[in-house]
Amino acid sequence: MMQQELLRQIPKVDELVARPGLTGKASSAGVARAAREVLARLRAEILSGVLTQLPVPAELEELVLGEIARESTPSLRRVINATGVILHTNLGRAPLAPQVVEAVCAVAGGYSTLEYDATEGVRGSRHSHVSGLLTRLTGGEGALVVNNNAAAVMLMLAALAKGREVIVSRGELVEIGGSFRIPEVMEQSGCTLREVGATNRTRVSDYEKAICPEKTGALLKAHTSNYKILGFTQEVSPRELAMLGAEYGLPFLYDLGSGPLLPLAPYGIADEPCVAECISAGADVVCFSGDKLLGGPQAGIIVGKSVYIEKMKKHPLARALRIDKLTLAALEATLRLYLEPELAAAEIPTLRMLSASPQSLRERAERLAALLAPAGDQVTLVEDAGQIGGGSAPTQLLPGTVIAVNPHAVSLTELERRLRSCQPAIIARIAKERLLIDPRTVDEEDFEYVAEQVVVALEGVKQ
Ligand SMILES: *Cc1c(COP(=O)(O)O)cnc(C)c1O
């Protein structure tokens, strides 16, 4: 039978690894592993009838080399974000400032003062590294950090309102990517959701009518980070909710989502209140992400009244959701930059990309376009709008100049695929029958590499 004959012809692992093209390409165990993998694949393809002819030895070598390369490529690796979406959730949200990366490296390879007070020689608290900075930057009395903001919301509800009703506006039953939904988080935290008002309008009286001394545990406001209700709308301000909470002795909790530490109005972003504003409006507890508009590492930051912060610190979930030392190092270094707002604006990549002027973006695009000269008329500059992304200020468009590529010899999808398979991958987007490369989110240091890869990818022959 044909299949049997083909199977018999498959070389032995030893024979394959001894081929001259494979010697010294990886450790001998590595080459053998890759060879075994390739041969197993061939066997399966023969049995399923996909393969009717065995590859020649040189092709087999290529397959093994390909497998070695695949195995040695890290799964989590750097990519170049040419989408113009600053906080791209799938691409890891906020990139860190160089000083911040240094701070992570400084503690990553050795021991650190994570929970050690080196002055007194006694046990310390991991929260101490950032709580002072956070209270200074936000005006909160105390601070606590956990793994991410979803964890922060969960801890806040579980520690402060478990077994009781939490009042939320129907306009704020937010879903943030997949499984984080206010109603479900509420349930998981052991609280009962008490919805009030209507989708488009909620008044302070709606909250007040729902308050019941025996049942109510807290008032919650969730920032509608990733959507906007337009038209005939009304929402209750943080100040009003804080006053209502104070009147009834209920904590007012605010899930702020992005939580910028500086006012973003000068950047033209009106819909993202900064943390200090919410604290000064009277919020008892505010929680927000470290890797959205703050521009730091993934973290959930909680600031507010000491009595509530202490309660959260003691809750068993605090241990389960605790932040690790690498993140803490990154967060401390990022927060230190904020002590001087000009330094933060200049050094934190998220803020820098956000505030880039149309003029500077045009100049960046021109510099990249100049490197793309070999592509000729396949490359043009167009005006387009970048986005903040990461579920922040969804209606906010950031005008700028981008590179539009109109390939002559390959299709748009093939061009996009080729750039994606570069090492590091270049992630671009297709819009209006063109491939768009937005220099806003590309480091200047990568311009030459991007241009080279685009020129190669535009060639008709398969790479
Ligand atoms: C993003 C966001 C969250 C979740 O924060 P993560 O840091 O992604 O866990 C929760 N609530 C709101 C309002 C958000 O915008």
*Mind checking whether some residue in the range 145-159 is more than 16 Å from the ligand (Cβ to nearest atom) and either of a type in the set (Asp, Glu) or within 30 Å of THR216 (Cα to Cα) (or both)?*
yes
*Among the listed residues ALA393, ALA346, which satisfies the condition of being closer than 20 Å to ILE86 by Cβ and surrounded by fewer than 18 Cβ atoms within 10 Å (Cβ to Cβ)?*
ALA346
_Looking at the range 156-184 only, could you name the residues that are touching a helix residue (DSSP H, G or I) at 6+ places or on another chain (Cβ under 9 Å), under 23 Å from ARG93 (Cα atoms) and either open to solvent by less than 10 Å² (accessible area, probe 1.4 Å) or part of a strand (DSSP E or B) (or both)?_
VAL174, GLU175, ILE176, PHE180, ILE182
*Looking at the range 1-47, which of its residues are in a loop (DSSP other than H, G, I, E, B) and farther than 21 Å from ARG70 by Cβ?*
MET1, LYS12, ALA18
*Complete set of residues in the range 408-433 that are in contact with a strand residue (DSSP E or B) (Cβ under 7 Å, 6 or more places away or on another chain) and open to solvent by less than 60 Å² (accessible area, probe 1.4 Å)*: LEU412, LEU415, GLU416, LEU419, PRO424, ALA425, ILE426, ILE427, ALA428
*Yes or no: GLY296 touching a strand residue (DSSP E or B) at 6+ places or on another chain (Cβ under 7 Å) and either within 16 Å of the ligand (Cβ to nearest atom) or touching a residue at least 40 places away in the same chain (Cβ under 8 Å) (or both)?*
no
*Selected residue [farther than 29 Å from GLY390 by Cβ and surrounded by 14 or more Cβ atoms within 10 Å (Cβ to Cβ)] from THR83, THR113, THR89, THR135*: THR113
*Restricting attention to strands (runs of 3 or more DSSP E) lying wholly within the range 220-334, give those where 3 or more residues are more than 17 Å from the chain's Cα centre (by Cα) and small (Gly, Ala, Ser).*
none
_Cβ-Cβ under 6 Å pairs, at least 6 apart or on other chains, the range 384-400 side among the hydrophobic types (A, V, I, L, M, F, W, C) and part of a loop (DSSP other than H, G, I, E, B), far side open to solvent by less than 40 Å² (accessible area, probe 1.4 Å) and more than 14 Å from the ligand (Cβ to nearest atom)_ = ALA393/ILE269
*asked:* Give me the residue from the range 239-272 that is out of contact with any strand residue (DSSP E or B) (no Cβ under 7 Å at 6 or more places or on another chain) and within 14 Å of the ligand (Cβ to nearest atom) and, out of that set, modelled with the highest pLDDT.
replied: PRO260
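The values are calculated or read from the model by the stated rules, or taken from the named source; none is laboratory data. Computed from a predicted structure; not experimentally measured. Virtual Cβ from ideal backbone geometry, glycine too; neighbours counted across all protein chains shown. Just the protein is used for accessible areas: all its heavy atoms, side chains included, with ligands, DNA and RNA removed. Shrake-Rupley method; radii C 1.70, N 1.55, O 1.52, S 1.80 Å.
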